[in-house]
Amino acid sequence: MITVEDWALIRRLHAEGVPKSQIASRLGILRNTVAKAVAASRPPRYERSAGPNAFSDVEPAVRALLAEHPSMPATVLAERVGWSGSITWFRDNLRAIRREYAPPDPADRLSYRPGDQVQCDLWFPPARIPLDDAQQGSPPVLVMVCSSSRFVTAVMIPSRTTGDLLAGMWHLVVEQIQGVPRRWVWDNESGIGRGGRPAEGVAAFMGTMAATLVQLKPYDPESKGIVERTNGYLETSFLPGRSFASPADFNAQLRQWLVGANTRRVRAIAARPAELIAADRAAMLPVPPVAPAVGHRSWVRLGRDYYVRVAGNDYSVDPSVSGAMVEVTADLDRVLVRHQGRVVAEHARCWASATTVTDPAHVATAAMLRRAYQQRPHPGAEADPLVRDLADYDRAFGIEVA
């Protein structure tokens, strides 16, 4: 067999008009070899015929397992079939036959129209942030990226519950995006909905925004790959070398960092998000003039223990409305309690868990009401005919009391 260099030389000489016999004489090879090289459409390649090897003995068992479990890991397959040789050799042979049982799932490259889509996801930063009541935690960060301009927005929220997710989305729309994308892409986040069924309150929120919620099928991260890559970018570019005093400090540093991050040049669009967001906003829907119902909202009857519970924390309420129905609302920043439209409690939102938040004024009011209750006259004492004034007995027996 001739080398690739000889094959290339033969074809060049033949193209220059050199006879085949002269080429064979110059290179010291047979004329038939020259003729085959001229007729070949590709360079020569050594091919060794496949023969039996150690993997051939276990291949039938491997194929039987792959037919039922196409995604079974190589290490598990090797254990099931009793493989005792090199795991690398096993993986190499397995890779050649696995695709027969697990067909490829290609991902298309998509194009996005301005104002059409925003991709949403939660990022959980691997950092311990001081919370209230001397606790520490890693609250989630809601990340929303406009698909056309790649404009990144993000904010840390207290929890991944539906109320906080809706409040976070409304905050980003008003404060950072400044427009309403027509389609909102989410995965199967439990606070948004599962199995194509939105969580309670999500449909009303999207209706107020006049937008469409798109929930992706499981195992389809490529359809929101823009925000997935952004999460990685946040973790590698924003987080390292930073410390945070509180969630508010985290959001302040994040907001400042996003200003610079949105001016970087994105290779996929060959532009800077800060330059394209104006066109994106122009094609978006306007922000609704009336805010949708977001955050936590509930009605409870205030008991003698004048506290209400919101997201695992207890907040004190004016005890003068004990026994009455009160409306409890909470957004990302504060907790409000109303009775017949009047605010009877207002607290800063607590980000810790299992914490009691007390207003000293409520404690003072409770003490005053408790004293008034204890000093009240016994009901019905004067009207009881069996109870007489002791002075009546003194007068009956002629006793004078100084």
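The values are calculated or read from the model by the stated rules, or taken from the named source; none is laboratory data. Fair warning: this is a prediction, and the values are worked out from it, not measured in the lab. All Cβ positions, even for glycine, are placed from backbone atoms using ideal geometry, and neighbour counts span all protein chains on display. Areas reflect the complete protein model, heavy atoms only, side chains present, ligands, DNA and RNA absent. Shrake-Rupley method; radii C 1.70, N 1.55, O 1.52, S 1.80 Å.
Miscellaneous remarks
- The residues of the stretch 65-89 that are assigned to a helix (DSSP H, G or I), more than 24 Å from Asp105 (Cα to Cα) and either open to solvent by less than 40 Å² (accessible area, probe 1.4 Å) or in contact with a Cys (Cβ under 8 Å, 6 or more places away or on another chain) (or both) amount to a single one, Ala78.
- Residue match in the stretch 159-170 (condition: closer than 27 Å to Pro106 by Cα, of a type in the set (D, E, K, R) and open to solvent by 60 Å² or more (accessible area, probe 1.4 Å)): no
- Some residue of the stretch 236-255 being open to solvent by 50 Å² or more (accessible area, probe 1.4 Å) and of a type in the set (Phe, Trp, Tyr): no
Residue by residue, here is whether (1) surrounded by 11 or more Cβ atoms within 10 Å (Cβ to Cβ); (2) free of Cβ contacts under 8 Å to residues at least 24 places away in the same chain; (3) among the basic types (Lys, Arg); (4) assigned to a loop (DSSP other than H, G, I, E, B) holds:
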| residue | (1), (2), (3), (4) |
| --- | --- |
| Thr329 | yes, no, no, no |
| Leu336 | yes, yes, no, no |
| Ala345 | yes, no, no, no |
| Trp351 | yes, no, no, yes |
| Ala354 | no, no, no, yes |
| His362 | yes, no, no, no |
| Ala366 | yes, no, no, no |
| Ala372 | no, yes, no, no |
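- Only one of Gly163, Gly115 that is part of a helix (DSSP H, G or I) and under 28 Å from the mean Cα position of the chain (by Cα): Gly163
- If the condition is being surrounded by 11 or more Cβ atoms within 10 Å (Cβ to Cβ) and assigned to a helix (DSSP H, G or I), then the stretch 13-31 contributes Leu13, His14, Lys20, Gln22, Ile23, Ala24, Ser25, Arg26, Leu27, Arg31.
- When Leu122, Leu65, Leu131 are screened for being more than 33 Å from the chain's Cα centre (by Cα) and in contact (Cβ under 8 Å) with a residue 12 or more places away in the chain, only Leu65 passes.
- Out of Val34, Val62, Val58, one residue alone is open to solvent by less than 40 Å² (accessible area, probe 1.4 Å), under 16 Å from Asp6 (Cβ atoms) and not in a loop (DSSP other than H, G, I, E, B). It is Val34.
- Residues satisfying the stated conditions in the stretch 184-199, i.e. within 17 Å of the chain's Cα centre (by Cα) and charged (D, E, K, R): Asp187, Glu189, Arg194
- When the residues of the stretch 180-198 are filtered to those that are assigned to a loop (DSSP other than H, G, I, E, B) and either open to solvent by 20 Å² or more (accessible area, probe 1.4 Å) or within 16 Å of Asp220 (Cα to Cα) (or both), the one that is modelled with the highest pLDDT is Arg182.
- Residue that is surrounded by the fewest Cβ atoms within 10 Å (Cβ to Cβ) [pool: residues in the stretch 292-327 that are of a type in the set (Phe, Trp, Tyr) and within 20 Å of Pro360 (Cβ to Cβ)]: Tyr307
- With respect to being out of contact with any strand residue (DSSP E or B) (no Cβ under 7 Å at 6 or more places or on another chain) and touching a residue at least 12 places away in the same chain (Cβ under 8 Å), Gly195 falls outside the description.
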